[in-house]
Amino acid sequence: MSAKKILIIDDDASVRFTLKRILTDAGYEVIDAVDGKKGMQRFDADVPDLVITDLIMPEQEGIETIIALKSARRVAPVVAISGGGRIDNKDLLHMAERLGADAVLHKPFGAAELIKIVKEKLAA
Amino acid sequence: MSRPKDCVGPKKKERRDGCHARTAEAAAPFALQKKISSMRGSYLRPSPDSICLVNRDWTINYLNERALTDVKSSHDAVGCNLWERFPHLLGTDFEKAYRRAMDERVSTSAEGYYEPVDAWFRAYAHPLPEGLVISFRDVTVKRWRQTALQESEERYHNLFKSLTQGVMVHDSTGAVVDANLAAERIVGLSLEQMRNLHKDDSRQPVDEQGAPMPREKRPSIVALTTGRPVENCIMGVINPRLGERRWLNVHAIPILRENETKPSQVYALFADVTARKQTEIALSASEARLNRITRNLPIAVFERLLTAEGKVSYPYYNARELVRPTDGDLDPRDGGSLWAQVHPEDRKPFAAQLRASAENLSVLSQEFRLVGEDGTVRWMHSKGVPRRTDRGDTLWEGFAIDVTEQNKTEEALRASEAKLRRSQEHFARAQRVAGVGSTEIDFRTGEWIWSDELYRIYGLDMDGFHPCEAALFEALHPDDRDRFRADFEGGLRGEEVRPLEFRIVRPDGEIRTIYREVEILRDEVGQAIGLVATQQDITQLRRMEREGEQLRQDLMRVQRLDALGRLAGGIAHDVNNTLVPVIGLTETMLKSLQPGSPDAEALAIVRDAGIRAKGLVQRILTFSRRDPPNRERIDLGRFLCETMRFIRAMVPTTIEIETHLHPVPAILADTAQLHQLMINLVTNSVDAIGAAKGTIAVRLSPGGTGTLAAEGYIWLSVTDTGVGMDKATLENIYEPFFTTKGVDEGTGLGLSVVYGMVCAHGGQIDVTSAPGNGTRFDIFLPIDPPNSRKGN
């Protein structure tokens, strides 16, 4: 059984690095993208088993990414992560959940918390 | 003729009275008889006197008939001892006189009352060799006459002396011989000076007109020369004692003796009429002045006579320039001279009024028109008081005045009054609309006038209130009186007064805010004569301003907090991203390190710091409402019951916690946030109370009396008895990182978080506090309508 492939979409390199390290350590294959647009290309190219996406990014917002993934009837579960709204007080994570994100995580989160969620969603 | 009678008298007596004859014979020696006979012409001659002869031994020798009658004795007294027979003589002057005559042989006399006959006698005693001859006469009548005369003289003399009128008696030469006290007083001369008056020409009197009065014109001299009385002659003399002229009204009465044609004396009677004379002079001057004045006045003063035959005349009329009345017939139909000047329309009423006044003797008051020769019409007003003369005519005394100008003025005045009234009404309306009242104070009269609107502003009744200083100060708010007085007293002194805002208390207790401006009124020389003050009721304006200011401040606070929230949210986002590797990587690396090694411990500290930072960001997010409440339908009462049990354990025992939880409708709320909210509020209260004893009260009730209406909200309040907060603190309490606590004691986020939570729940929070008076937070949260249950 080959390792599950996880796509991380986040514009913050330190976040990508941290998540990659945690998930690689946990035995996952990790690919990443710096924004939603590139994330979608990566998704189409590599077909990951799970997507972890930030919500606020310069090129394509996470919300759009989620909508795009879900509307394309992609089957991979999506975990939305966010450090909170920057521009307005819209509850982005809540919105993401409603739009079809399978799980949401408030930044910052611990490694154990992340792995637990990823395991749950991959098993589902 | 009478002597023979006397001679036969005793004989007759002898015949009639035997005793007497005998006694006479026995007691009258011849020698005595002879002596008596020889005394002819002296004592025994026929005389109205009574005669008595007495011997040396006082034996009565003889009594004539007259004596017998006078002393009511009988002839048997002859031969008797005088003293025994007439014992009433003893002790009288008679006895003394008789005895002296007898003893000293001199003639004596005495007068006295003799009681037995109730009469007065005058007696003479002459010694004779044989004894005494006593003659006496009844002088009762004479004496009475004398007394009466004396009294009369005294009375007249007294009258003369005490007359208030002056009396001078002149002799036939015109010289003064006597004068009474009044005369001395009036002319200011002594009797002696008056006696010498005719020698002194310097005291020449004057006549009524003040011209010198020559001697021959003086009343006493006129009376002397003509022999006829002079009456009511006015003359002036200088009274040297007073040093002024006195006016006398003199009557001179010549005294003519019988059968004489030239008076022997003149009585001059005079009274001091100076006062009357002066009055007359003044009256005459006054009359002259009155005439002068009335002649030049536009008032005609008249006497109008109406005879029974209907003839009108004007016995007196002063101002002929004004109107020239002519006499004529009252009947206006004859168009006679009387009516020539009266306006044709006014003639009939004029005549009718005159007749009515004459009939009833009622005061005549008329207004009529006169038409001048040039056709000008003048209005006259006339008044007259009628009376009936002895002849049965009617006489009016009255006046007429030209009122043409006055009528014109009145017309103008009426128009002006109407205009003024309209303007006053307009003014009152304008004051009412503007809510501006006014006061006017007249310094000269002390009068205060309030406009109607001012009464309304002060809530006072115009009838029951008299505006004055005391009443004004009574209406002022007690806290504003001193401030008002300082200005007001300056104003009363005429100093300029700055605008002032003050409060009044209406009789019903309502407080109104007034804005007042004052203008000092001055006369032409700049003297302050009064002031006008406008007073505007700005209560509503000030209330709106206060509310507006409150709104503005609230808005500013909301905006400020919102901006802070955005800022905090933005920071939180970045910090959260930053914290991802801090927490995530340290955890990952910790796994690969030996537990307990120095590197592992250091990394654990980094991780914990990251987690603390995460908590901090979480609270900022809560305040900035970026962190949505996880709402559920709860019973806040039950929730508070449990929460307060938990909180009680955190609070020192010196602080009492009271809970007053009334049943309230369910609300939608995040219990975790509410829990935090209660902890934050109670923590603040505990810090405010400090080490002292105190109370924290938590109240819950449906609806409140605060800004939000009761309906649709529940009211949660947390009250403490702590130190309270000042205004500056109150304005900042919700701002993040604002704290009054020490650096290590608080984050300054507690109330910011509470504020954020309440807002996130769609509620509102109010705070009431003052230094030393504790603090109360009122939180209003919307209830969850029953029909909204499905949506959640």
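Counting pairs of alpha carbon atoms under 8 Å apart in space and at least six apart in sequence, what relative contact order in percent does the stretch B:323-475 give? Don't skip to the end; give the middle numbers.
On the way: 164 pairs, mean separation 16.2, N = 153.
So the answer I get is 11 percent.
What percentage of the solvent-accessible surface of chain B, computed with a 1.4 Å probe over protein heavy atoms, is contributed by carbon and sulfur atoms? Write down the numbers at each step before the final one.
On the way: 23650 of 44910 Å².
That fraction is 53 percent.
Find the relative contact order for chain B and round it to a whole percent, using C-alpha pairs within less than 8 Å whose residues are 6+ positions apart. Please list the in-between numbers first.
Working: 1289 pairs, mean separation 35.0, N = 792.
Computed over chain B, the figure is 4 percent.
Translational D (Stokes-Einstein, µm²/s) of the stretch B:120-211 at 20 °C and 1.002 mPa s when Rh comes from the Kirkwood sum over C-alpha pairs?
Values: Rh = 17.5 Å.
Estimated diffusion coefficient is 122 µm²/s.
When Cβ neighbours within 10 Å are restricted to other protein chains, what is their mean count per residue of peptide A:103-109?
Averaged over the peptide's residues, the number is 6.
If you take each beta carbon of peptide B:603-614 and count the beta carbons of other chains within 10 angstrom, what is the mean?
For peptide B:603-614, the averaged partner shielding equals 1.
Which angle from 0 to 90°, rounded to the nearest 10, does the C-alpha axis of helix B:93-104 make with the longest principal axis of chain B?
Between the helix axis and the principal axis of chain B, the angle is about 40 degrees.
Does anyone have the angle between helix B:344-360 and the longest principal axis of chain B? Alpha-carbon axes, 0 to 90°, nearest 10?
With rounding to tens, the tilt is 60 degrees.
Run the quick spin-label model on B:GLU425 and B:VAL117: label points 7 Å from Cα toward the beta carbon, then report their separation in nm to one decimal.
Inter-label distance under the simple model: 11.8 nm.
Would you work out which of B:LEU364, B:PRO478, B:ALA528 lies farthest towards the positive end of the dipole of chain B, given +1 charges on the beta-carbon of Lys and Arg and -1 on that of Asp and Glu, about the Cα centre?
B:LEU364
Inside 10 Å of the C-beta atoms of A:13-23, what's the mean count of C-beta atoms belonging to other chains? Don't skip to the answer; put the middle values down first.
Working: counts 1, 7, 7, 2, 4, 9, 4, 0, 5, 7, 1.
Mean shielding count: 4.
Using label points projected 7 Å from each Cα along Cα→Cβ, tell me how many nm separate B:GLU397 and B:ASP103, to one decimal.
Spacing of the two 7 Å Cα→Cβ label points: 8.8 nm.
Report the paramagnetic label zone for B:GLU260: residues of the stretch B:200-235 whose backbone N is under 16 Å from a point 7 Å from Cα along the Cα-to-Cβ axis.
B:221, B:223-229
So how much slack lies between B:VAL433 and B:ILE449, counting 0.36 nm per residue of separation and subtracting their Cα-Cα distance, in nm?
3.8 nm
Express in Å², to the nearest 10, the accessible area of B:THR653 obtained by rolling a 1.4 Å probe over the protein heavy atoms while all chains stay in place.
130
With θ set to phi - 60°, apply the Karplus curve 6.51 cos²θ - 1.76 cosθ + 1.60 along the stretch B:428-441 and write out the HN-Hα couplings as whole Hz, x wherever there is a Gly or Pro.
4, 5, 4, 5, 5, 5, 7, x, 10, x, 9, 10, 10, 10
Using the C-alpha gyration tensor of the stretch B:47-138, what are the square roots of 5 times its eigenvalues, in whole angstrom, with the largest one first?
Numbers: eigenvalues 60, 44, 31 Å².
Semi-axis lengths for the stretch B:47-138 are 17, 15, 12 Å.
First select every other residue whose beta carbon is under 12 angstrom from the beta carbon of B:GLU656; then total the charges, Lys and Arg +1, Asp and Glu -1.
Details: positive: B:ARG648, B:LYS693; negative: B:GLU658, B:ASP720.
Once all neighbours under 12 Å are counted, the net charge is 0.
Rounded to whole Å and sorted largest first, list the principal axis extents of the Cα atoms in the stretch B:420-499.
Answer, in whole Å and largest first: 37, 26, 24 Å.
Suppose a student asked you for the relative contact order of the stretch B:526-652, using Cα pairs under 8 Å spaced at least 6 residues apart; what percent would you report? The partial results should precede the final answer.
Details: 48 pairs, mean separation 33.9, N = 127.
The normalised contact order for the stretch B:526-652 reaches 27 percent.
What number comes out for accessible area per residue over the protein assembly as shown if the probe is 1.4 Å? Units Å², please.
Details: 50710 Å² over 916 residues.
Accessible area per residue, the protein assembly as shown: 55 Å².
Accessible area of B:TRP379, 1.4 Å probe, to the nearest 10 Å²?
Spelled out: B:TRP379, probe radius 1.4 Å, area about 80 Å².
Among A:99-105, B:106-112, how do they line up by average Cβ neighbours within 10 Å per residue, starting with the highest?
Details: A:99-105: 18.9, B:106-112: 16.3.
Going by the mean number of other Cβ atoms within 10 Å, highest first, we get A:99-105, B:106-112.
May I ask what percent, to the nearest 5, of DSSP beta bridges between residues of the protein assembly as shown are antiparallel? Write down the numbers at each step before the final one.
Details: 136 of 160 bridges.
Antiparallel bridges make up about 85 percent of those DSSP assigns within the protein assembly as shown.
Buried accessible area for the B:A pair, summed, 1.4 Å probe, in Å² rounded to 100?
2000
Taking the Cβ-Cβ separation of A:ALA3 and B:VAL558 as r and a Förster radius of 35 Å, what is the calculated FRET efficiency to the nearest 0.05?
E(calc), rounded to 0.05, equals 0.10.
Can you pull a Stokes-Einstein diffusion coefficient for the protein assembly as shown at 20 °C (1.002 mPa s), Rh from Kirkwood over Cα pairs, as a whole number of µm²/s? Before the final figure, lay out each step's value.
Details: Rh = 46.7 Å.
So the translational diffusion coefficient is about 46 µm²/s.
Please work out the Kirkwood hydrodynamic radius for chain B, using every pair of different C-alpha atoms, and report it in angstroms with one decimal place. Numbers along the way, then the final one.
Working: mean 1/r = 0.0223 Å⁻¹.
Evaluated over chain B, this radius sits at 44.9 Å.
Can you compute 3J(HN,Hα) from phi for each residue in the stretch B:582-588, using the Karplus curve 6.51 cos²θ - 1.76 cosθ + 1.60 with θ = phi - 60°, rounded to whole Hz and x for Gly and Pro?
So the J values, rounded to whole Hz, are 4, 7, x, 6, 5, 4, 4.
Using the alpha-carbon atoms, what tilt in degrees (0 to 90, nearest 10) does helix B:140-162 show relative to the longest principal axis of chain B?
40
Compute the length gained on full extension between B:SER313 and B:GLU192: take 0.36 nm times their separation in residues and subtract their Cα-Cα distance, giving the result in nm to one decimal. Could the numbers behind the result be given before it?
Values: separation 121, 0.36 × 121 = 43.56 nm, distance 6.13 nm.
Contour length minus the Cα-Cα distance gives 37.4 nm.
Let me spell out the model: positive unit charges on the Cβ of Lys and Arg, negative unit charges on the Cβ of Asp and Glu, origin at the Cα centre of chain A. What dipole size does that give, in debye rounded to 20?
Working: 18 positive and 20 negative charges, 60 e Å.
Its charge dipole is roughly 280 debye.
Hey, what does the equivalent ellipsoid look like for the stretch B:210-331, semi-axes from the Cα gyration tensor as sqrt of 5 times each eigenvalue, largest first, whole Å?
Details: eigenvalues 448, 104, 21 Å².
They are 47, 23, 10 Å, listed largest first.
Equivalent-ellipsoid semi-axes (√(5λ), Cα gyration tensor) for the stretch B:508-636, whole Å, largest first? Walk me through the numbers before you get to the answer.
Numbers: eigenvalues 970, 73, 28 Å².
Over the Cα atoms of the stretch B:508-636, the semi-axes work out to 70, 19, 12 Å.
The values are calculated or read from the model by the stated rules, or taken from the named source; none is laboratory data. On a predicted model such as this, the values are computed, not experimentally measured, just so you know. FYI the Cβ positions are ideal-geometry reconstructions off the backbone, even for glycines, and counts take in every protein chain you see. With ligands, DNA and RNA removed, areas are computed over all heavy atoms of the protein, side chains included. Shrake-Rupley method; radii C 1.70, N 1.55, O 1.52, S 1.80 Å.
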